[in-house]
Protein chains: 2
Amino acid sequence: MESLTVSSAALTRLLDGRWAAVRRDVREHLAAQAAHGALDTARLDVAAHRERIARQIEALAETGGPRLGFPTEYGGGGDIGAAVVSFEMLGFGDLSLMVKAGVQWGLFGGGIHLLGTRRHHEQYLPDIMSGALPGCFAMTEVGHGSDVQRLRTTATYDPRTAEFVVHTPDSAAAKTYIGNAARDGRLAVVFAQLVTGGRSRGVHALLVPIRDENGTVLPGVTVEDSGVKAGLNGVDNGRLTFDQVRVPRAALLNRYGDVTEDGTYTSPIDSDNKRFFTMLGTLVRGRISVAGSAGSATKRALAIAVNYADRRKQFEGPDGDEITVLDYLTHQRRLLPALATTYALHFAQEDLVAELHDLQGGTPEDVANADEIRQRELESRAAGLKAVATWHATHTIQAAREACGGAGYMAENVLPSLKADTDVFTTFEGDNTVLLQLVAKGLLTNYRLQFQDLSPLATARFVAEQFVGAVIERTAARKVVERIVDASPVRDDDDAVFDRAWQCKLFTDRESHVLDGLARRLRAAGRDNAFEVFNAAGDHVLRAARVHVDRLVLDSFVAAVERCDDDEARALLNKVCDLHVLSTIEADRGWFLEHGRLTSGRAKAVVAGVNRLCGELRPHARTLVDAFAVPEALVQVPMLDWT
Amino acid sequence: MESLTVSSAALTRLLDGRWAAVRRDVREHLAAQAAHGALDTARLDVAAHRERIARQIEALAETGGPRLGFPTEYGGGGDIGAAVVSFEMLGFGDLSLMVKAGVQWGLFGGGIHLLGTRRHHEQYLPDIMSGALPGCFAMTEVGHGSDVQRLRTTATYDPRTAEFVVHTPDSAAAKTYIGNAARDGRLAVVFAQLVTGGRSRGVHALLVPIRDENGTVLPGVTVEDSGVKAGLNGVDNGRLTFDQVRVPRAALLNRYGDVTEDGTYTSPIDSDNKRFFTMLGTLVRGRISVAGSAGSATKRALAIAVNYADRRKQFEGPDGDEITVLDYLTHQRRLLPALATTYALHFAQEDLVAELHDLQGGTPEDVANADEIRQRELESRAAGLKAVATWHATHTIQAAREACGGAGYMAENVLPSLKADTDVFTTFEGDNTVLLQLVAKGLLTNYRLQFQDLSPLATARFVAEQFVGAVIERTAARKVVERIVDASPVRDDDDAVFDRAWQCKLFTDRESHVLDGLARRLRAAGRDNAFEVFNAAGDHVLRAARVHVDRLVLDSFVAAVERCDDDEARALLNKVCDLHVLSTIEADRGWFLEHGRLTSGRAKAVVAGVNRLCGELRPHARTLVDAFAVPEALVQVPMLDWT
């Protein structure tokens, strides 16, 4: 292994994949911004940080990157995959910029694009793309975050004036943590219970102006500043309340539901539940973008920590010289398994973006017409990968901080802001625990229940009646894995832990077993105890989702290694994949042993394998982080000059 | 269990223990400060935060609390246990205050007290106690943190003028991250290589003035501000360099080494190594204080998160009402095992403080004369508990933040500052990974090697020649455990997982087995490969230390439950202890299964046991956090009013 002379460029080519040109453009933009200090925000107070990010939003708009996801007829790029990759790459820079851009172009612009119709597109998309019209996405309320269906803001249609009256009934219904609300937003996509003819039609989105062109808050709207946050202080989050605010009938984003002038409600989707989940489904891009940018932040943290560990020396070694800290096994174990998993998640993310792009194409019509089961699978994969990738970011950036000791605690060395900024990723765009429950429900119902009632009761009853066993969907990556497994003999020696077929079978088997076991438990549920049964299996539910995501991620990594056309890079990636797999098994070997999937001897071989791979990959650690091609100016922090 | 009506007061009595009066005093002081908003620092910029904390240091000095650890003859309290508990309790408030107080009275004042002699005490202690003389503890350098023995600042004796010349040879030898240095400190305890007669005598501490009474930096001293940090921004950390700064001969803190006027070096300790480690041993109080205040911050975070989870509702339940989030098993699993372990660590901390107090008494002479093996054991326990308690704080406060969703990300809800401030606890006062290696070395050498060479080579050779097997020291808590184990029959049913004797035996057996196995591996080391062998066993070394600490912590918890004289409180604590034990076993059940210590069936019983205990303790969660008696004003954050 040490004799391998892998160039990071070969790895970068594979990592950059289908949207390499977009990745290059964003790298160049961030490098140019960094060159004149625009990304150096550690010393700014909240007001100055917000101002800085607002200017960067303008600079970003000028690059044209934010147009990528919008329709070509309004000046957009019509390339949803490119748009998501572009957000992902912003994760290398100040994450406040990524989040504010995500609010403006992903949530606000994307909401109008996907939930609105031509009249909204013509009127707003050009100014949204250019940044001339800053906006908000007002969904979360004080009292309801994850449970979107029970939001309590109302939009009541008044046929006398052909207007909707948007109203916040009490403080628990205030829209909270809304990005762009405290300072810059002028128009908001507001989610509210639509009421017409005295009847509620469920949650819909409307456009509500909140500030005039001078930035003055409009009558009936109250804005409170969310104040200082743990991180992302360049984003102006705020709380919005509406006191009988009137907007015209055309303000309703009416792709999935409309109200005629006389107040008659119409919708192309009959079921209230199906309509609601179809509308929510448009949020999938946001979740995918968060997973991607969490990955970028993780890569930057690892690039910094690995570079530091490869320079920093501490304690005398056997030859009298001081030892480079990355030569310690204990230090390798802090960083290298996390680095391997970062590779794995990168390829899973790339596959997910490709699936989004291929399934949804560029137009709202494509989204509305996408194959339903495939759309539900996509949402499930996005939810699962978002949860796993953002937790991985939290853990890895923490490990990177600790691996840099006191230096890692200094703001100038960037790890503190990476940590503080990404922390909320596990919460926003869906709380991770809730998202994993959605994944598990999708698996249990084979994606057939998504448009119906999602309550524990319904899930448990559905499973009791219809679950026939875990089904593994046949993605492109899965086919590669199946070919490898089929071509491989059964192994029973301890070196089998390095055998890809054995590894893949172990992950697949775990997924099926956990899911089948969960279904058996849920079958015990009846009408009276469905919640209790489902709740008592809560840890089992989360585990089913996690091991499913683990298997999907491994499939993607294996397929990526197979398509690598550089022999030395592929050899190195095979080791990285081994480390990802074995460290994942090591962490969960309690389960494998408990269920007779690993013998004691082989479990010990897994632990020994992690140690061996750490040593083998250590000489290549710099190459592996260099391959992420984080712009040099974003890695070169002061502590790297001290050593 | 639900029928238990435990009062939190009974639990508080047990938790408050031997230094209950000190705990009460600090609670009252913090509550009074909070009442007029002094602790509300989230909106302050760095300069204002530093100013606020400087004022709070003055207010704290007026309480007399900081005097507790100093000699009565100078106006101190002569009660080291009380002093450490007092620092621990400051962890309920703004942690910048705790850290700045720790620098002033623990490190700076404590250093002069323990390393200096009467002349230093008379001259400085009164002004240090009153806060009139703010000071620094300048040990860490840019190039050397953990490896204190290789610090490179020099203090060269010049017999012509009877002065020491303190000098920073290059930027890697600059003193860095020094608390109180950037703004307030006037005098510094500086660690430097003492050189006299052309010969180096190893690291010693000297007093070097850095500012005059007006706060002007003195000639030859350069101070750079460390700038913004991830947290603790109320503490003015800075970098100090010295350019041939002359101090009188009497500036040497000369308890363990002195230089006569003609430059002759004298010391009561012949061995350079023994002298060095004796001096370092005086730092043990700092480590114990950090472990304790990490515990206080953890308690406050749990009190906030449990109160929120017991109010916050989300998603409809079977009866149509919304479900309180703490009723979800998944939410219980985020908070309640961590709460149980927080109890465990509290009692271990209490035992550690008592051992410090009983062993070291109040005077520097007592410290110097303490039984050597017992002193080494104390240092080892302090190192181990500091590592485990600070990592527990990092994980638990993170879990608390996530459990409060977006609200947990808002500065006004305090969790962000608890997270950011405690983050560096895993690094300062000894990097946790290095500390655990020290613990393992102590175990392997039965504390006999501490004064000698601590290199891997020496450790490995010592083990190869002399290790005869793991020895479990007989603390007071251990005797309680042994009595329980001896009185209990052997169990082999799955309910044995709730049997205290079975639990204790499992922990003790794991400790012995891991340590014996490590010794076997190290015996393979010879002169040529000692580093490689030790390094290859790096993960095994850390594990040996961790399972040792786990066993110590359990001993303390078991003994505390036994001495609880309130029947209902004891019954509840028994459940808490069960949850601590079973969640610890659950997390490590891979090892137990791999080594034949758990059958598959019993491993599953452990997982089921954690779930069952979460449910049983859920109705008592508020009582358990109320018992920490965190002042109400420090728990009552805005988000608790929203729900």
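The values are calculated or read from the model by the stated rules, or taken from the named source; none is laboratory data. Quick caveat, the model's predicted, so the values are computed rather than measured. Cβ: placed from backbone, ideal geometry, glycine included. Neighbour counts: every protein chain shown. Heavy atoms of the whole protein, side chains included, go into the accessibility calculation; ligands, DNA and RNA do not. Shrake-Rupley method; radii C 1.70, N 1.55, O 1.52, S 1.80 Å.
In table form, for the structure just shown:
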item: Helix B:432-444 vs. chain B, principal-axis angle (Cα, 0 to 90°, nearest 10); result: 90
item: Listed residue (A:ALA464, A:LEU436, A:TRP591) projecting farthest to the positive dipole end of the stretch A:432-621, Cβ model; result: A:ALA464
item: Extension gain from A:GLU372 to A:ALA20, taking 0.36 nm per residue of separation minus the Cα-Cα distance; result: 123.7 nm
item: Cross-link partners of A:LYS175 among lysines (Cα-Cα below 29 Å; sequence separation of 8 or more within a chain); result: A:LYS100, A:LYS229, A:LYS274, A:LYS386, A:LYS419, A:LYS441, B:LYS313, B:LYS419
item: Exposure ranking of B:LEU151, B:LEU44, B:LEU283 by accessible area [1.4 Å probe, largest first]; result: B:LEU44, B:LEU283, B:LEU151
item: Shape call, the stretch B:71-179: gyration tensor on alpha carbons, a/c limit 1.5; result: oblate
item: Delta accessible area of at least 50 Å² on complex formation, residues of the stretch A:522-550, 1.4 Å probe, chain isolated as reference; result: A:PHE531, A:ASN535, A:ASP539
item: Angle in degrees between helix A:456-466 and the longest Cα principal axis of chain A, rounded to the nearest 10; result: 70
item: If the convex hull is drawn through the Cα atoms of the stretch B:432-620, its volume per residue in Å³; result: 131
item: Interface area, A with B, accessible, probe 1.4 Å, both sides summed, Å² nearest 100; result: 6200
item: Heavy-atom accessible area, 1.4 Å probe, ligands and nucleic acids excluded: residues of the stretch A:126-151 down by at least 20 Å² from chain alone; result: A:VAL142, A:GLY143, A:HIS144, A:SER146, A:ASP147, A:ARG150
item: Calculated P(r) of the protein assembly as shown - Cα pairs past 51 Å, %; result: 26
item: Distance in nm between pseudo-label sites at A:ALA47 and A:VAL490 (7 Å out along the Cβ direction from Cα); result: 7.3
item: Computed over the stretch B:309-362: relative contact order in percent, which uses C-alpha pairs under 8 Å that are six or more apart; result: 20
item: Relative compactness, chain B, computed as alpha-carbon Rg over 2.2 N^0.38 Å; result: 0.98
item: Value of relative contact order over the stretch A:214-296, rounded to a whole percent, pairs C-alpha under 8 Å and six or more apart; result: 17
item: Nearest-first distances (nm) between copies at B:THR266, label 7 Å from Cα via Cβ; result: 10.4
item: Added length on full extension, which subtracts the Cα-Cα distance from 0.36 nm per residue, B:SER130 to B:THR72; result: 19.5 nm
item: Burial order of peptide ranges A:312-321, A:609-618 (average beta-carbon count within 10 Å, highest first); result: A:609-618, A:312-321
item: 0 to 90° range, to nearest 10: angle between helix B:20-35 axis and chain B longest Cα axis; result: 90
item: Protein accessible area in chain B, 1.4 Å probe - carbon and sulfur %; result: 49
item: Normalised contact order of chain B, rounded percent, pairs of Cα under 8 Å and 6 or more residues apart; result: 16
item: Antiparallel bridge percentage (DSSP; both residues within chain A; nearest 5); result: 80
item: Residue-count net charge about A:SER130 - beta-carbon cut-off 13 Å; Lys, Arg +1, Asp, Glu -1; result: -2
item: Peptide-level mean, for A:579-589, of C-beta atoms on other protein chains within 10 Å; result: 1
item: Cβ-Cβ FRET estimate between B:GLU365 and A:ARG483, R0 fixed at 60 Å, reported to 0.05; result: 0.20
item: Accessible area (Å², 1.4 Å probe, nearest 10) - A:PHE70; result: 10
item: Helix-only CD estimate at 222 nm, as mean residue ellipticity for the protein assembly as shown, using -39500 (n - 2.57) per DSSP H run (n ≥ 4); result: -17000 deg cm²/dmol
item: Distance between modelled label sites at A:GLU632 and A:ARG311, nm, 7 Å Cα→Cβ extension; result: 1.3
